[in-house]
Each structure stands twice: as structure tokens, then as C-alpha cells.
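Undergrad: Take a look at the following structure, please.
The values are calculated or read from the model by the stated rules, or taken from the named source; none is laboratory data. Note that the coordinates shown come from a computational prediction; the quantities given were computed from them, not determined experimentally. Cβ atoms come from the backbone with ideal geometry, glycine included; neighbour counts cover every protein chain shown. Side chains are part of the model used for accessible areas, which takes the heavy atoms of the whole protein and leaves out ligands, DNA and RNA. Shrake-Rupley method; radii C 1.70, N 1.55, O 1.52, S 1.80 Å.
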Amino acid sequence: MPAVHPSQPIRLYRSPFSGHAHRVELFLSLLGLPYEMIDVDLRAGDQKKPEFLAKNPFGQVPVIEDGTVTLADSNAILVYLASQYADASWLPRDPLGAAGVQRFLSLAAGEIYRGPASARMATLFGVPLDRDAAHATAIRLFGILEPHLADQPFLTGSHVTIADIATYSYTAHAPEGGIALDGYPHIRRWLSRIEALPGFVPMRASQQLAA
């Protein structure tokens, strides 16, 4: 449990099928923080309405409201929550440890987004993205992560950090974009370690998508 709690539940504006939003939901739950979720209907365009754009001018989920703080961008939110409410194991304060986490936050915003996340968006939601390029990016990415995880349980070493939280959701749901994980035993064991953490909450799977 965190040493400091918010004075009221943190409000999380999210879509249940957004891996970016799931990162935040997962971390809130792992930290044992009080929170409430407000679903934003992306299909109906609620994220483009003035009241939401006032929270995030880019019209994207997730957004959190923590008292007087309103913050968008999933990785920025993870850094905020780790700095405000978690011990240093989640976001090391030493220069090398912090840089190691930042490396994977950049990966989450880069290759993971362009790879498994984009393949999933194209497959499930018909987003006009290059699926072949997304698949190729994902295969190259997983080919690098697989040996990286061969000798350590988590991405930056022996302890779970927000680097693992930022990269988990779209990696775990890569098969929804047509990218099988069968050939990556170390990645699958890493996913299982995260799923075994107290407070873990899953992201909804594609079969639960409404027609």
C-alpha cells in the first residue's frame, strides 16, 4: 500500500478497450489507490466534445483528475502516480535506474505503439494503418525483448517498475492484432509474472467487443 493516499478517489477517463488507459487502471490497482472510472465512448466521439477537450486538447484517453491535478498521456500519468504515491522501486530515483525505465517508456510510445498496438487497432477497429508494417515492427520488437527477458524477470532487472506496466497491455493483447506469442516463452513468462502481482486487473479482450 502507498505511504500517501489521495484525499478523494482519482478519476480515470478511459475506454475499456484502450491499452493506454489500461496501463493507468492497472497501476492504480497495483498501488491500491482509490479510483473511479469514467468511460469515454470513443465510437460516439465523446473524446472530441468540448467538455473532454478541456481536459485533453488532443482528444485522447486516458486522462486522470487527482484533486486539482488534471493530467493526460498514459506514460506521463504513470510517472506522476509513481512519483506521488509509490515507493522508489516503481520509478528509481538514481540516474541510471531512472534512465532504464525511461528507455522502455520510449519503447511503449514508439515500437510498441507502431507494432502490436497499431496491428490491433487495424484489426479490431478498422483504423487505416499499415498492418504489414505493424506486424513487421512487432516481430522485430519481440525478437529483441525475448532474449532480453531470458535472464531477468522484469524489463529493467529483478524488480517490477512502471516500464513493465507501460509495455504490458499491448504486448499481452498482441494476438488480437494477429501476432502470436507462442514462439516467445520468455515474454509469456514475463506477462505471467505481471498477471500474478497482487491487485492485477486485466484488460477486456476483443471477443467482448460489441458488434
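Undergrad: Against the definition (outside any helix (DSSP H, G or I), at pLDDT 95 or above and within 30 Å of residue 140 (Cβ to Cβ)), how does residue 61 come out, yes or no?
TA: yes
Undergrad: Please go through the stretch 172-190 and give me each residue that is open to solvent by 10 Å² or more (accessible area, probe 1.4 Å) and of a type in the set (A, V, I, L, M), ordered by number.
TA: Residues satisfying the conditions are 172, 180, 181.
Undergrad: Can I ask one more? Can residue 106 be described as within 21 Å of residue 82 (Cα to Cα), open to solvent by 20 Å² or more (accessible area, probe 1.4 Å), within 17 Å of the chain's Cα centre (by Cα) and free of Cβ contacts under 8 Å to residues at least 12 places away in the same chain?
TA: yes
Undergrad: Then there is this: Out of the residues in the stretch 53-64 that are of a type outside the set (A, V, I, L, M, F, W, C), under 26 Å from residue 206 (Cα atoms) and out of contact with any Ser or Thr (no Cβ under 7 Å at 6 or more places or on another chain), state the one that is least open to solvent (accessible area, probe 1.4 Å).
TA: For the stretch 53-64, the residue satisfying everything is 59.
Undergrad: Is it the case, given these coordinates, that residue 76 is open to solvent by less than 60 Å² (accessible area, probe 1.4 Å), under 30 Å from residue 8 (Cα atoms), of a type in the set (Gly, Ala, Ser) and assigned to a helix (DSSP H, G or I)?
TA: Against the criterion (open to solvent by less than 60 Å² (accessible area, probe 1.4 Å), under 30 Å from residue 8 (Cα atoms), of a type in the set (Gly, Ala, Ser) and assigned to a helix (DSSP H, G or I)), residue 76 qualifies.
Undergrad: Can you tell me which residue in the stretch 41-52 is least open to solvent (accessible area, probe 1.4 Å), limited to those that are free of Cβ contacts under 8 Å to residues at least 12 places away in the same chain and outside any loop (DSSP other than H, G, I, E, B)?
TA: 46
Undergrad: Which count do you get for residues in the stretch 98-123 that are under 12 Å from residue 75 (Cα atoms) and among the aliphatic types (A, V, I, L, M)?
TA: 5
Undergrad: Looking at the stretch 194-207, I want the residues that are closer than 19 Å to residue 62 by Cβ and open to solvent by 80 Å² or more (accessible area, probe 1.4 Å) and have a partner that is modelled with pLDDT of 95 or more and charged (D, E, K, R) with Cβ atoms under 9 Å, at least 6 apart or on another chain. Which pairs are those?
TA: What qualifies is 202/195.
Undergrad: List every residue pair whose Cβ atoms sit under 9 Å apart, with the two residues 6 or more apart in sequence or on different chains, where the first one lies in the stretch 53-74 and is more than 22 Å from residue 110 (Cα to Cα) and the second, anywhere, is open to solvent by 90 Å² or more (accessible area, probe 1.4 Å) and small (Gly, Ala, Ser).
TA: As it stands, the answer is 67/7, since those pairs meet every condition given.
Undergrad: Just the residues that are of a type in the set (A, V, I, L, M, F, W, C) and open to solvent by 40 Å² or more (accessible area, probe 1.4 Å), please, taken from the stretch 1-37.
TA: Residues satisfying the conditions are 1, 3, 4, 37.
Undergrad: Need pairs with beta-carbon distance below 6 Å; first residue touching a residue at least 60 places away in the same chain (Cβ under 8 Å) and surrounded by fewer than 24 Cβ atoms within 10 Å (Cβ to Cβ) and within the stretch 159-171, second assigned to a loop (DSSP other than H, G, I, E, B) and small (Gly, Ala, Ser); sequence gap 6+ or separate chains.
TA: 159/89
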